[in-house]
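All remarks here apply to the structure that follows.
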Amino acid sequence: MGRFFLHAFLLLATLFFLLPVYLVILTALKEPAKITLDTVWHWPEPVYWESFHIAWEAFRPKFQNSVVLALSATALSALVGALNGYVLAKWPFRGSNLLFALMLFGMFIPYQSILIPLFQFVKAIGLYGTLWGLILVHVVYGIPIVTLIFKNYYSEIPDELVEAARIDGAGFFGIFRHVILPLSAPAFVVVAIWQFTQIWNEFLFAVTLTRPESQPITVALAQLAGGEAVKWNLPMAGAILAALPTLLVYIFLGRYFLRGLLAGSVKG
Amino acid sequence: MRKWFLAIGVALGLSALAQTGKLEIFSWWAGDEGPALEALIRLYKQRYPGVEVINATVTGGAGVNAKAVLKTRMLGGDPPDTFQVHAGQELIGTWVVAERMEDLTSLFRQEGWLQAFPKGLVDLLSYKGGIWSVPVNIHRSNVMWYIPAKLKEWGVTPPKTWAEFLATCQTLKRKGLEAPLALGENWTQQHLWESVALATLGADGWNNLWSGKLKFTDPKVVAVWETFGKVLDCANKDAAGLSWQQAVDRVVQGKAAFNIMGDWAAGYISTTLKLKPGTDFAWAPSPGTSGIFMMLSDSFGLPKGAKNRQNAINWLKLVGSKEGQDTFNPLKGSIAARLDSDPAKYNAYGQSAMKDWKSNRIVGSLVHGAVAPESFMSQFGTVMEIFLQSRNPQAAANAAQAIANQVGLGR
Amino acid sequence: MRDRITAFLVLLPSLAAVAIFVYGFIGQNLWVSLTDWGKNPAQALALRPELHFVGLENYLELFTGFVDVRFRQSVVNLIFFTLFFMGGSLGLGLLLAMALDRGPKGEGFFRTVFLFPMALSFVVTGTIWRWLLQPQGGVNVLPTLFGLPPFHFPWLTTRQQTWVFDWNQLPFYTALAVGLTLLYVAWKAHREGERKRLFWSLLSSGVLLVWAFTLGRTTHLLPYPEPHGFSLALVGVILAAVWQMSGYTMALYLAGLRGIPVEVLEAAKVDGASEWQTYRHVILPLLAPITLSAMIVLGHIALKIFDLIFAMAGLDYAPTDVPAIYMYLLAFRGNQFAKGAAIGILLLLLVALVVIPYLVSQLRKEVRR
C-alpha cells in the first residue's frame, strides 16, 4: 500500500516536472499555422523542424555572445576565486573574517539597489553596451560566491601540507602552485559549473547593460516571447536553444552541479 | 545641357559611392511591420551602396520595450544614428527638452518639406523654434474593425455611437457571443480609452484636456471612465494575455464582433491573414468619432552625438522623400505624411484613409505619443491599472489629474 | 612576513571591487534616491543631469502618494509571492526528498527529473509557463484529453484579489504582528529564566500593543481607504517558481536525510515511535538547520524576483507587479530615476533584514569552531 502511494506520488511529480517540457517540444515542432489553443497537446502532424532553423538563425549571434560571455567570465571568476579562497583559508590576517563576511553580503544584495549607479559607472568607463562591460560586472558580482566555495574547499586541505611546503622554503605563490592547485580540480569544476550556469541564465544586467549586438540569449528570448503576434513555435524553439548548454552541463556534470548548489547553503 | 546633367549625375553618384561607414537605424518594426522598413533600407542601399546598414529593432508592446532600450542607450551616451519615435510630445517632452536632439529646420527648408507636409503636422513636430523629426507615415488610431459577413450573420450593423455600441453588444451577447469586443494587453486598453474619450469629449474637449484647460476631474471626463467601464464589460476577460494581433484574430475567427485598433491592423489583416480590404473585412471610425481623424505619426530624429551623422541625414532625406514614403507606407499599412503621394499605390483601406486625412478634423493620439509627454504616458498605464482594478471612475480621474499636475501638462 | 603582505595584496583587488561595486554603489544609489532626478523632464535624460537634494520625499511618495498605489500593491504581491513560493518549494521539496529517501526503483532518474529545472534560466521558465498558462490552452485544456471539461481559471490574466485589506490598517497590523512576536519572545525568555530579556521584550510588546489598539487604529497613511490583497494572477507565477526551485530544496533535504545516522532512527524505533512520530519528533527537528538555510536562499531569490515575471507577464501588468519590476518600469521607462533608486534601497533593506542575521550567526558558528 505504502509502496503504491509512493510510486503514484513520484509519477504525479514526474508529470508535473516533465509535462511543460513535453509541451515545449510539441509546440516547437508545429507549423505556426497549426498552433491553436484547443489542440496544443496534439502531436504535430507533420513534424516541422523549420522553427529550429529560423530560431537558430535569429539567435546565433546572441548565442555566440552568451558563449563568449559565460566562458570568459567563468574563467576569470574561477581564477579570482581560487586566489581569494587560498588567501582567506591559508593566510588569514586580523579582520579577514570580517572582511569575508562583508564580501559575502554582496552575494545577497538585490541588484536593483545598485543598478542605476552601476549603469552610470559602466557608461563612465566606456564599457557600456559591450560584452566586456558585462563580463566585468559578472566577475565582480561573482566574487563572493566563488570566494566562498574555494575558501570552504581549501579549509579542508590540512594546514600541515602548507606548513611543510613553507619549511621547504616555498613562498606564497609557490605553495599555491605546487601544493594547493594540484588539489583544486574539484573546486574548479564546481565553480565553473555554477558560474557558467548563473551567467548564462542571467537577465537583469544583460537587459540593462547591452546593446542589440552584445545581447546574450536570455534577453533575445524575452524580447521574442514578449513580442508582437507571438507565434509560439519560435519562442519555444528559442527556449530550447537557450536552455540547451546549461541542460547539457547539468546532465553530464550533474554531480558537481549539485555540489555547487549546496555550496552556498549547507556549510558548517 | 545633357553634359551638365551627366556631370551632376556623376557627381551625385560619386558622392553616394563615396559615402561609407555605417548607419544604425533603431526602431520597433519587426515581424509583420518588418518588410516595410526593409524595403526602405533596400532603397537606401541602392543609393548608398557603400554604407553598412545596421537594422536594430527591439520588438514588443507597440514600442515600449524599444523605448526602454533606447533610453538606456541614450543615457549611456551611446545614441543610435537615428531612431524611430512618435511625432509630437513623445519626442519633444522626452528628448528635445533634455537637449539631446539636433534641430532639423534647415533640412526641412532644403528639402522643401515645409510645403510637402501639412502645416498641422509640422506644428506638431515643432518646439521652441525648431523642427525635431521627419515624419514617415500617418496612422489613424480611432478605427473599428469587423467582418461584414459575420455581422450580417448576427444581424447587426456597425454602431455609430457608444450608446449604440452597448446596445449592439447586448444583442450579440444574447446571441451567445461571450465577448463582442476583442481586447488585448494594457496599452490596447488605453488605445480603446482614447477612442471612448474622443467620442465623449469631442475634438475640442480632447484638445483642451492636453492643453490643461479641461481637468481630468471634470464631470465630463469622469463620464469617459464610466462609459469606458461599460464598454469593458463587452470585452474578453483574458485581455491582459493577448497581443493586439491576437485580439484582431478573435474578430477574424468570429469569436468577437469588433476590435478598436489603429489602422496598422489593416496591414496585419490584409498582409498576414490574407483578407481583402472592403469585402472580407471592413472598418468604420470608432463609435462617435466620425469626421475626426485621431492621428499618430512615426518619425525619425537625429540625436546629438550620432556617430554617423552624414549617413543619418541621408536616411532622413530618404524618409521624407516622396519615393521613400510611397515605398514604405503601402507595405506598412499606413498613409504617407506628404500631401503629394500617389493613391494608386495604396490598397482600398489606404485610399479611404487618405481621403479622410485630407477632409477630417485632425487631433493627436495620447497612447501613441502625439499629445502628452512620455512622463505622463508611462504613468497613464498605471492609471489604467488603477481603473481596471477598482473600476472606480473617480479614482482613475483623480489619479490622472495627479499625474497631469506632477508633469505639468499643458505648461 | 613578505608572504603575508603578498597574500593581502592578492586579496586587495577583490576587496576594492566589492567595496566599490557593492558598498560604493549602494551609497551612491542612496544619494540618488534622495534627489529629484526625473521630476523635471528637461533634466531627466540630459547628458549631465543636475540633481537636487529632496530628502525622503521619494520614499514618502511611494508609501502615501496617490499614483504610487501600484508600488504598494507590488509590495503586497511580493509578500504573498515570497510566502507561497517558500512554502511551496519547501513543502514539495521535502515530500520529494522523503519519497526518494525510501529508495524507490529509478531513484537516479527521478532525481534528475526533479532537479533539471534548476539548470534553466527564469527567462526560459517564464516563457514556457506563459505558454502553458494561456487561459484557453495549455494546462486548462489538459482535461479534455481525457474527455473531461476544460478548466476555466484565467491564470495570469485574472484581476481578482482575495484577502483584501485596507492599506490604512497597515500600521495597526504591523504593530500587532511585531507586538505578538515580542510577546512570544517574552514567553520563551520566561521559560528559560532570562529575566532581563523577559523585562525588555514584555515592555516593548506592551507599548506596541497598546499603541496598536489606541493610536494605531486611527493612524491613517492615506486620506481614503485603499484596498490591497492577494492577487490571484500570482498563482501562476508561484507555480512556475515552485516548479523551478523545488528540486533545489529536494536536493538539500535529501542530503540532510541521508546524513541522519542510522542509530538515531534505530533508537526511535526501539522506543516504539511510529513512523509518523519519528518524522515529527526526530527527523524534522534534525532537518531544521537545512530548512533555515533553504529559507534564506529561497527568500532572497523571492525578494529579488524579476526575470520570471518579466518573461511571464511583462512589465505593464499590475496584478503580477513586484517592486523589482516596478523599479525597472519607473526608472528605465518612466524616467523616474530617483524614485527607482528609492525602491532599490527599500528592496535592499528587506533583503538585509533576512540575510544579515543569518550571515552573523554563520560567522559566529565559524568563530566558535
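When the Gaussian network model of chain A links Cα atoms closer than 10 Å, the mean-square fluctuations of A:F59, A:F93, A:F203 top out at A:F93. When chain B is treated as a GNM with alpha-carbon contacts under 10 Å, the residue of B:A203, B:A372, B:A167 showing the greatest mean-square fluctuation is B:A167.
Counted over chain B, the DSSP beta bridges are approximately 50% antiparallel. Descending by average beta-carbon neighbour count within 10 Å, the peptides B:307-318, C:260-271 line up as B:307-318, C:260-271, the highest first. Each Cα pair under 8 Å and six or more residues apart adds its separation to the average, and for segment C:108-263 the resulting relative contact order is 33 percent. By other beta-carbon atoms within 10 Å, ranking B:M377, A:M107, C:M98 with the fewest at the front produces C:M98, A:M107, B:M377. Rounded to the nearest 0.05, the FRET efficiency derived from the C-beta distance between C:T64 and A:F16 at R0 = 56 Å is 0.85. Taking C:Q336, C:Q244, C:Q28 in turn, the Gaussian network model of chain C (Cα-Cα springs below 10 Å) assigns the largest fluctuation to C:Q28. Bridges between two residues of the protein assembly as shown, per DSSP, are antiparallel at a rate of about 55%. The orientation-averaged shadow of the Cα convex hull for the protein assembly as shown, equal to a quarter of the hull surface, comes to 49.6 nm². Under 5 Å between amide hydrogens, built in the peptide plane, is the criterion, and for B:V363 it picks out B:F293, B:M294, B:M295 among residues at least 5 positions away or on other chains. Charges were assigned to the Cβ only: +1 to each Lys and Arg, -1 to each Asp and Glu. The resulting dipole of segment C:72-368 about its Cα centre is roughly 480 debye. Peptide C:251-260 has a mean of 2 when you count, residue by residue, the C-beta atoms of other protein chains within 10 Å of its C-beta. With θ taken as phi - 60° and the Karplus curve 6.51 cos²θ - 1.76 cosθ + 1.60 applied, the whole-hertz 3J(HN,Hα) list for segment B:394-407 is 5, 4, 5, 4, 4, 4, 4, 5, 4, 5, 4, 5, 4, 8 Hz, x standing for glycine and proline. Look at where the Cα atoms of segment B:291-323 and of segment A:115-151 average out, and the two centres are 37 Å apart. Stretching the chain fully between C:K188 and C:L15 yields a gain of 58.2 nm (0.36 nm per residue, less the alpha carbon separation).
Cβ-Cβ distance of C:H152 and C:L265, R₀ of 35 Å, FRET efficiency by 1/(1 + (r/R0)^6): the value works out to about 0.15. Legend: calculated FRET efficiency, C:R197 to C:A177, from the Cβ-Cβ distance at R0 = 22 Å, rounded to 0.05, equals 0.65.
Computed over the Cα atoms of segment A:53-263, the ratio of the radius of gyration to the Kirkwood radius (Rg/Rh) comes to 1.05. State log₁₀ I(q)/I(0) for segment C:113-235 at q = 0.10, 0.11, 0.16, 0.20 Å⁻¹ as given by the Debye formula over alpha-carbon point scatterers of equal weight, solvent excluded. Cα-only, vacuum Debye calculation for segment C:113-235: -0.65, -0.72, -0.86, -1.05. Per residue, the average separation of C-alpha pairs within less than 8 Å and at least 6 apart gives segment A:1-48 a relative contact order of 33 percent.
If packing is taken as the average count of other Cβ atoms within 10 Å, what order do A:70-79, B:84-93 fall into, highest mean first?
Numbers: A:70-79: 20.7, B:84-93: 25.7.
Highest to lowest by the protection proxy: B:84-93, A:70-79.
Residue by residue, segment B:274-282 carries 3J(HN,Hα) couplings of 6, 9, 8, x, x, 10, 5, 9, 9 Hz when phi is fed to the Karplus relation 6.51 cos²θ - 1.76 cosθ + 1.60 (θ = phi - 60°); x denotes Gly or Pro. With a Cα cut-off of under 22 Å and a minimum spacing of 8 residues unless on different chains, the lysine pairs in chain A number 7. Residue by residue along A:120-129, Cβ atoms of other protein chains within 10 Å of the local Cβ number 4 on average.
Which residues in segment B:285-316 have a backbone N closer than 17 Å to a point placed 7 Å from the Cα of B:A348 along the Cα-to-Cβ line? Label zone hits: B:285. For the set B:K230/B:K355; B:K160/B:K276; B:K276/B:K355; B:K71/C:K39, the pairs lying more than 28 angstrom apart at their alpha carbons are B:K230/B:K355.
Membrane-span-like helices in chain C, defined purely by DSSP H runs whose alpha carbon atoms cover 18 Å or more axially and whose average Kyte-Doolittle hydropathy reaches -1.0, are C:2-18, C:69-101, C:170-192, C:195-213, C:234-258, C:284-304, C:337-368.
Contact order, relative form, for chain A: 31 percent (alpha carbon pairs under 8 Å, 6 or more residues apart, mean separation divided by residue count).
Restricting the calculation to Cα atoms, segment C:72-368 shows an Rg/Rh of 1.01 when the hydrodynamic-style radius is the Kirkwood one. Summarising the label geometry, the points placed 7 Å from Cα in the beta-carbon direction at B:R174 and C:W276 lie 6.0 nm from one another. Counting other Cβ atoms within 10 Å as a rough exposure proxy, the listed residues A:D159, B:D218 run A:D159, B:D218 from fewest neighbours to most.
The distance linking segment C:223-284 with segment B:97-132 is 65 Å (Cα centroid to Cα centroid, whole angstrom). Inter-chain Cβ neighbour count for A:4-12, averaged per residue, equals 3 (cutoff 10 Å, partner chain atoms only).
The amide H of B:R391, built 1.01 Å from its N in the peptide plane, has no neighbour under 5 Å, considering only residues 5 or more places off or on other chains.
Computed from the coordinates by the stated procedures, all read-outs in this text should not be read as laboratory data. The structure presented is a predicted model; accordingly, all values stated were derived computationally and were not measured. Using ideal geometry, Cβ is built from the backbone for each residue, glycine included, and neighbour counts are taken over all protein chains shown.
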